[in-house]
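**Student:** Below is one structure. I have some questions about it.
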Amino acid sequence: MKNTLLRSASLSLFLFLSFSVLTVKSQIINSGGIDSLAERTLKTFDVPGIAVAVVKDGKVIHSKGYGVRSLKTNEKVDSNTLFGIASNSKAFTSAALGMLVDEKKLKWDDKVIDYIPEFRLYNPYVTEEFTIRDLLTHRSGLGLGAGDLMIFPGNNNFTLQDVIHNMRYLKPVSSFRTKYDYDNLLYIVAGEVIARVSGISWENFIETRILRPLNMTGTVSTFSRLNDKANVIDPHAPVNGKVEVIHRDFTEVFNAAAGIYSNVADMSKWIIMQMNHGKYGDALDKQLFSREVQKDMWSLQTIIPVADSTIYNTHFSGYGLGWGLSDVKGYKQVTHTGGLAGIVTQVTMIPEMKLGIIVLTNQESGAAFNAITNTIKDSYFGIKGIDRVKQYQESLAKRTGNAHKITDEIWNDIEKQEKTGSPNDGDSLYSGSYKDPWFGEVLISQKNGKLWFDSKRSFSLTGEMLYYKGNTFVVKWINRSMDADAFVIFDLDHTGKVCGMKMKAISPQTDFSFDFQDLDFKR
């Protein structure tokens, strides 16, 4: 009787567990579901092309393209279509440094000035103490995107030497190593450390030491090294309310932070290696970097505050070395996003689940990649009843509506000023040359009776200046794909003469890399 009861209980438990496993498996989105999700995402967020890959247990279980590479050609996206992965390049830079750590050619906590003696930051103490680890962790004390106007927009003449030299003029906004503020320039410096230690350029190191061993045959370290451009996307962005192809806006100086072009087929090899702790090859008998180095890259270095626990029960968040880190449903999540003009991307891994998700897009819609990634994640976590596409559509509409409310009010005020006329309109009082220590010269001049803004180093930053209020104008850039029109606020000295000017983006949705607020021009 006792044995019968035990057998009965065991059978019930087996059936319950089997049913539970089947139930969980049935919730996991399949390729057909991803197809439907991607197609819906394309339409909802007006994205011309998307590529999606899912890796599970060391194998690629989905790898596919959707939509078109370019609205000009209407050629289809596939799993080999190349996208700029933007800031997902940062993990390659940290991996390259990790390889040099393994080779005992440097240490994470070596001082940067030991490798780049001319490196200087605003504070001498910070300069002396700044380490290679600090280059990768967004805790320098500089503000969000500080100095990015030297690299973005890409149509400029700033050199690597300019970037390294000019960092000394960027004023901190927080104490050293106390606060997370995302930074691009320090990854450029990290790339130069790789070059000086290895004796080859960052581009050559990435291609010969990482891409070739991993057989990432379609991937290049930068667009200019792409010989076959038959299967590459065009970047797209809304221009006057309509999505269209925009100029591929990039500077080679930016490579170590955002230069790599890849596809979901190759990026799958990259994250499979990552989830195998640096091992690769058919028998996992080769090692790109050590498990100890990966542990460093995947350990919290800088804390990022978490507002409220989400549906994923996230309590902790931070940045490692080239990766964002958080807890989701009790698992570690390793992730990063990337954004260039007309391109945004996302890479996500749940290492303990051996799950990886890659989403590459050719439009500036983070809502699109979030909707896809989180829908796939939800299915693996057994989360039901959340329509991520709808959720991100509503959130985007709210943010966009709030931004338009602000900018529309400003443009309405400007339109009223133009109708009534203004004593400041076209006034030569403001004309002249203005210089910022790190950004260089800007010329304010009159063209055909209108006040005009021309940057002498960042050539896309040119446009008409329209009177707003007091000593404040708004500059309206000729390039309308940049959602970055800005206030220009002139400073007066004690005699009432213009002695300088400052700037500030007018829209809260302006990309943080337009760091106008960090400029301080003197006439």
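The values are calculated or read from the model by the stated rules, or taken from the named source; none is laboratory data. None of the values given here were measured: they were computed from a predicted structure. We place every Cβ from the backbone using ideal geometry, glycine too, and count neighbours over all the protein chains shown.
**Student:** So which residues in region 460-479 are surrounded by fewer than 16 Cβ atoms within 10 Å (Cβ to Cβ) and under 29 Å from the mean Cα position of the chain (by Cα)?
**Tutor:** Ile478
**Student:** Something else now. Does region 24-31 include one or more residues that are in contact with a Lys or Arg (Cβ under 7 Å, 6 or more places away or on another chain), at pLDDT 95 or above and closer than 30 Å to Val243 by Cα?
**Tutor:** No - not one qualifying residue is present in region 24-31.
**Student:** Can you tell me which residue within region 237-285, out of those that are hydroxyl-bearing (Ser, Thr, Tyr) and closer than 23 Å to Asp78 by Cβ, is surrounded by the fewest Cβ atoms within 10 Å (Cβ to Cβ)?
**Tutor:** Within region 237-285, the subset hydroxyl-bearing (Ser, Thr, Tyr) is 251, 261-262, 268, 280.
Within this subset, residues satisfying the condition of being closer than 23 Å to Asp78 by Cβ are 261-262, 268.
On the way: Tyr261: 24, Ser262: 26, Ser268: 22.
Among those residues, the one meeting the criterion is Ser268.
**Student:** From the list Lys504, Lys522, which one is of a type in the set (Lys, Arg) and touching a helix residue (DSSP H, G or I) at 6+ places or on another chain (Cβ under 6 Å)?
**Tutor:** Checking each option against the conditions leaves just Lys504.
**Student:** Same structure, new question: Of the residues Met150, Met216, Met167, which single one is closer than 30 Å to Val442 by Cα, crowded, with 21+ Cβ neighbours inside 10 Å and over 20 Å from the mean Cα position of the chain (by Cα)?
**Tutor:** Exactly one residue qualifies, and that residue is Met167.
**Student:** Which of (1) within 30 Å of His236 (Cβ to Cβ); (2) surrounded by 14 or more Cβ atoms within 10 Å (Cβ to Cβ); (3) of a type in the set (Asp, Glu) is the odd one out, the single condition Asp436 does not satisfy?
**Tutor:** Going through the list (1) within 30 Å of His236 (Cβ to Cβ); (2) surrounded by 14 or more Cβ atoms within 10 Å (Cβ to Cβ); (3) of a type in the set (Asp, Glu), Asp436 breaks only (1).
**Student:** Additional query: What residue, of Thr420, Thr348, Thr375, is surrounded by 21 or more Cβ atoms within 10 Å (Cβ to Cβ), without any contact (Cβ under 8 Å) to a residue 60 or more places away in the chain and of a type in the set (S, T, N, Q)?
**Tutor:** Residue meeting the stated conditions: Thr348.
**Student:** What single numbered condition from (1) crowded, with 16+ Cβ neighbours inside 10 Å; (2) of a type in the set (A, V, I, L, M); (3) under 30 Å from Arg399 (Cβ atoms) fails to hold for Val498?
**Tutor:** Failed condition: (3).
**Student:** Are any residues in region 66-88 part of a strand (DSSP E or B) and out of contact with any Leu (no Cβ under 9 Å at 6 or more places or on another chain), and if so, which ones?
**Tutor:** To start, the set of residues in region 66-88 that are part of a strand (DSSP E or B) comprises 66-68, 76, 82-84.
Matches in region 66-88: Val68, Lys76.
**Student:** For Asn166, indicate whether it is touching a helix residue (DSSP H, G or I) at 6+ places or on another chain (Cβ under 7 Å), within 15 Å of Arg139 (Cα to Cα) and modelled with pLDDT of 95 or more.
**Tutor:** Details: touching a helix residue (DSSP H, G or I) at 6+ places or on another chain (Cβ under 7 Å): yes; within 15 Å of Arg139 (Cα to Cα): no; modelled with pLDDT of 95 or more: yes.
Taking the combined requirement at face value, the residue does not satisfy it.
**Student:** Looking only at residues in region 124-143 that are touching a strand residue (DSSP E or B) at 6+ places or on another chain (Cβ under 8 Å) and of a type in the set (Ser, Thr, Tyr), which one is nearest to Asn88 (Cα to Cα)?
**Tutor:** Looking at residues that are touching a strand residue (DSSP E or B) at 6+ places or on another chain (Cβ under 8 Å) and of a type in the set (Ser, Thr, Tyr), I get Thr137.
**Student:** Would you check which residues across region 296-316 are buried (at least 18 other Cβ atoms within 10 Å of the Cβ) and of a type in the set (Ser, Thr, Tyr) and list them?
**Tutor:** Thr302, Tyr312
**Student:** Please verify whether Arg133 is of a type outside the set (A, V, I, L, M) and either outside any loop (DSSP other than H, G, I, E, B) or on the phi > 0 side of the Ramachandran plot (or both), treating the condition exactly as stated. Spell out how you get there, then give the answer.
**Tutor:** Numbers: of a type outside the set (A, V, I, L, M): yes; either outside any loop (DSSP other than H, G, I, E, B) or on the phi > 0 side of the Ramachandran plot (or both): yes.
Criteria met by Arg133.
**Student:** Has region 188-205 got any residue that is outside any helix (DSSP H, G or I), in the same structural domain as Thr81 (by TED's automatic domain parsing), among the hydroxyl-bearing types (Ser, Thr, Tyr) and within 28 Å of Gln301 (Cα to Cα)? Step through it out loud before you land on a result.
**Tutor:** Step one: list which residues in region 188-205 are outside any helix (DSSP H, G or I), which gives 199-201.
If we keep only those that are in the same structural domain as Thr81 (by TED's automatic domain parsing) too, we end up with 199-201.
When the remaining residues are screened for being among the hydroxyl-bearing types (Ser, Thr, Tyr), the result is 201.
Still in the list and also within 28 Å of Gln301 (Cα to Cα): 201.
Among the residues of region 188-205, at least one is outside any helix (DSSP H, G or I), in the same structural domain as Thr81 (by TED's automatic domain parsing), among the hydroxyl-bearing types (Ser, Thr, Tyr) and within 28 Å of Gln301 (Cα to Cα), which makes the answer yes.
**Student:** Related question: Might you let me know whether region 157-167 holds any residue that is in a loop (DSSP other than H, G, I, E, B) and out of contact with any Lys or Arg (no Cβ under 7 Å at 6 or more places or on another chain)? Show your work before the answer.
**Tutor:** As a first pass, look at region 157-167 and keep what is in a loop (DSSP other than H, G, I, E, B): 157-159.
Narrowing further to those that are out of contact with any Lys or Arg (no Cβ under 7 Å at 6 or more places or on another chain): 159.
Yes, region 157-167 contains a residue that is in a loop (DSSP other than H, G, I, E, B) and out of contact with any Lys or Arg (no Cβ under 7 Å at 6 or more places or on another chain).
**Student:** Follow-up. For the list (1) part of a helix (DSSP H, G or I); (2) free of Cβ contacts under 8 Å to residues at least 24 places away in the same chain, I need the number of the one condition that Leu149 fails.
**Tutor:** Leu149 satisfies all of (1) part of a helix (DSSP H, G or I); (2) free of Cβ contacts under 8 Å to residues at least 24 places away in the same chain except (2).
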